[in-house]
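The structure appears below as structure tokens.
Every number here is computed from the coordinates shown, using simple stated rules; none is lab data. Because the structure is a prediction, the values reported are computed rather than measured. A quick note on method: Cβ atoms are made from the backbone with ideal geometry, for glycine too, and the neighbour counts reach across all protein chains shown.
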Amino acid sequence: MARPGHGRSRSSLKEDEDEEGEDPLDALISRTGCMGQHRALQECMAQRQDWRHCQPQVRAFGECMAQRQRPPEP
């Protein structure tokens, strides 16, 4: 079963946020600074319905998250 916040269109996400407050996953991603890449990936998935067609967005989001997880260089 899909977790809340995934596999839904942007409009349904907005409606849910209005009703329930911010999605905890969205709040977590927002703190990383990768929300733009996450939204682009969600929009692609809503349109294409197949992650294989969204590889540029998958890579961009993955690279952003990886950069945020690396410790700063001294």
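If you take the beta carbon distance between LEU25 and ASP50 as r and set R0 to 22 Å, what does 1/(1 + (r/R0)^6) give as a FRET efficiency, to the nearest 0.05? Can you show the working numbers first?
Details: r = 21 Å, r/R0 = 0.97.
The pair LEU25/ASP50 has a calculated efficiency of 0.55.
Under a Cβ-Cβ cut-off of 12 Å, what is the net charge of the residues other than PRO56 that fall near it, where Lys and Arg count +1 and Asp and Glu count -1?
Values: positive: ARG48, ARG52, ARG59; negative: GLU63.
Once positives and negatives cancel, what remains is +2.
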